[in-house]
Amino acid sequence: MPVTGGSRALVAGNWKMHGTTASLAELRLLATMLKGVKLSCDVLICPPASLLMAASRLTRSSPIRLGGQNCHPEPTGPYTGEVAAEMLKDAGASFVIVGHSERRIGYAESDELVRGKAQAAHRAGLVPIICIGETLEQRKHGETLQITAEQLKASVPEDSNGANTIIAYEPVWAIGTGLTPTPAQIGEVHGHVRSMLAKHVGSGMESALILYGGSVKPANAVELMAIANVNGALVGGASLRAADFIGIVKAYS
Ligand code: PEP
């Protein structure tokens with residue numbers, strides 16, 4: 001499957017607030033399932049921060065990369081309950097999701113805060129996956145391209161490039177709902193994001209991976225991953241079971 005910029009596609013799983021040590025059995029199973037699979041994409045799992053260190057030990061000799069789901073902009077300080085990008089890195093992460101709509105909406109995270117978190121990721125040597133996406137109301141009002149452009153401009157740090165930053169387009173109304181935009185709707189936004197990255201957002205971002213996220217499953221993965229400028233997936237629900245997740249990874253085999 002062609003990927004703009006020459007980088008390999010990425011299939012990323014976001015476990016959200018699901019998982020205790022017992023859930024590591026799914027990660028072990030995924031590692032076993034990946035053995036002998038000729039991968040043409042990278043594979044990432046973002047478990048809860050509490051599982052990162054154990055997950056890191058477990059995936060040491062597998063192609064599975066690990067990421068956090070959120071980080072604080074500061075490296076250290078009096079921020080009870082928060083996790084710094086440096087701490088995620090120390091626990092075995094190479095990536096971190098920032099600006100997921102569940103945080104933008106549920107915790108009132110602004111574009112500026114998301115940019116601060118992405119900068120923190122860069123400082124710590126992590127690749128931020130910066131999420132953008134419109135609500136159903138915004139789509140109904142024809143505001144999708146404007147909203148995603150604004151989020152992109154304000155959330156992506158200036159020092160970003162295709163090697164250190166990933167964008168994920170996740171329509172809020174498609175997350176966890178079983179609804180997906182049509183391929184034409186996804187293609188329109190991804191094409192728009194690609195041209196925005198080339199024209200407006202720093203230099204070097206034109207080759208960044210643009211993931212699609214929102215109810216990706218094994219049954220629709222091949223169709224969704226074939227859309228122009230879709231360079232991989234950010235997967236919630238279907239990343240929790242290795243048997244489902246591998247079905248999405250195999251869209252790239
Ligand atoms: C997500 O939360 O990023 C997501 C895409 O969830 P789901 O795949 O469950 O829609």
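Of all residues in the stretch 237-253, which are crowded, with 21+ Cβ neighbours inside 10 Å and farther than 12 Å from VAL11 by Cβ?
ALA242
Go through the stretch 19-32 and report how many residues are out of contact with any strand residue (DSSP E or B) (no Cβ under 8 Å at 6 or more places or on another chain) and more than 11 Å from ARG241 (Cβ to Cβ).
Pass one, the stretch 19-32, residues out of contact with any strand residue (DSSP E or B) (no Cβ under 8 Å at 6 or more places or on another chain): 19-26, 28-29, 32.
Of the ones still in play, those that are also more than 11 Å from ARG241 (Cβ to Cβ) are 19-22, 24, 28, 32.
Number satisfying all stated conditions: 7.
Right, GLY92: at positive phi, in contact (Cβ under 8 Å) with a residue 24 or more places away in the chain, surrounded by 16 or more Cβ atoms within 10 Å (Cβ to Cβ) and within 16 Å of the ligand (Cβ to nearest atom) or not? Give the derivation first.
On the way: at positive phi: yes; in contact (Cβ under 8 Å) with a residue 24 or more places away in the chain: yes; surrounded by 16 or more Cβ atoms within 10 Å (Cβ to Cβ): yes; within 16 Å of the ligand (Cβ to nearest atom): no.
So GLY92 does not fit the description; no.
Filter the stretch 209-223 for residues that are surrounded by 15 or more Cβ atoms within 10 Å (Cβ to Cβ) and more than 13 Å from ILE132 (Cα to Cα) and give the result. Give the derivation first.
The first filter runs over the stretch 209-223 and keeps only residues surrounded by 15 or more Cβ atoms within 10 Å (Cβ to Cβ), leaving 209-218, 220-221.
Matches in the stretch 209-223: LEU209, SER215, VAL216, LYS217, PRO218, ASN220, ALA221.
Could you look through the stretch 123-137, keep only residues that are surrounded by fewer than 18 Cβ atoms within 10 Å (Cβ to Cβ) and more than 16 Å from the ligand (Cβ to nearest atom), and pick out the one that is farthest from ILE167 (Cα to Cα)?
As a first pass, look at the stretch 123-137 and keep what is surrounded by fewer than 18 Cβ atoms within 10 Å (Cβ to Cβ): 123, 125, 135-137.
Right, trim to more than 16 Å from the ligand (Cβ to nearest atom) and you get 123, 125, 137.
Numbers: ARG123: 18, GLY125: 17, GLU137: 22 Å.
Only one residue fits best here, namely GLU137.
Step by step: first the residues of the stretch 33-44, then only those that are in contact (Cβ under 8 Å) with a residue 60 or more places away in the chain and over 18 Å from the mean Cα position of the chain (by Cα), then the one that is surrounded by the most Cβ atoms within 10 Å (Cβ to Cβ). Which residue is that?
Top of the filtered list is LEU34.
Within the stretch 209-237, track down each residue that is within 11 Å of the ligand (Cβ to nearest atom), assigned to a strand (DSSP E or B) and β-branched (Val, Ile, Thr).
VAL235
Can you find even one residue in the stretch 158-169 that is among the hydrophobic types (A, V, I, L, M, F, W, C), touching a Phe, Trp or Tyr at 6+ places or on another chain (Cβ under 8 Å) and buried (at least 21 other Cβ atoms within 10 Å of the Cβ)?
Residues of the stretch 158-169 that are among the hydrophobic types (A, V, I, L, M, F, W, C), as a first pass: 163, 166-168.
If we keep only those that are touching a Phe, Trp or Tyr at 6+ places or on another chain (Cβ under 8 Å) as well, we get 166, 168.
Still in the list and also buried (at least 21 other Cβ atoms within 10 Å of the Cβ): 166, 168.
So far as the stretch 158-169 goes, yes, one or more of its residues are among the hydrophobic types (A, V, I, L, M, F, W, C), touching a Phe, Trp or Tyr at 6+ places or on another chain (Cβ under 8 Å) and buried (at least 21 other Cβ atoms within 10 Å of the Cβ).
Of ALA54, ALA12, which residue is more than 16 Å from the ligand (Cβ to nearest atom) and of a type in the set (A, V, I, L, M)? Outline the logic, then answer.
On the way: ALA12 fails: more than 16 Å from the ligand (Cβ to nearest atom).
Answer to the check: ALA54.
Give the stretch 95-122 a look and list any residue that's under 15 Å from GLU170 (Cβ atoms) and buried (at least 24 other Cβ atoms within 10 Å of the Cβ), or say none.
ILE97, VAL98, GLY99, HIS100, VAL114 - these are the residues of the stretch 95-122 that are under 15 Å from GLU170 (Cβ atoms) and buried (at least 24 other Cβ atoms within 10 Å of the Cβ).
Keeping to the stretch 187-208, report how many residues are touching a helix residue (DSSP H, G or I) at 6+ places or on another chain (Cβ under 7 Å), of a type outside the set (Ser, Thr, Tyr) and either surrounded by 15 or more Cβ atoms within 10 Å (Cβ to Cβ) or not in a loop (DSSP other than H, G, I, E, B) (or both).
Total satisfying the criteria: 9.
Pick out the one residue from THR165, THR182 that is free of Cβ contacts under 8 Å to residues at least 12 places away in the same chain and more than 15 Å from the ligand (Cβ to nearest atom). Spell out how you get there, then give the answer.
On the way: THR165 fails: free of Cβ contacts under 8 Å to residues at least 12 places away in the same chain.
Criteria check complete, one pass: THR182.
No lab work stands behind these numbers, since they all come straight from the coordinates. Predicted model only: the values in this text are computed from it and were never measured. Because the Cβ atoms are built from the backbone with ideal geometry, glycine has one as well, and the counts that use them run over all protein chains shown.
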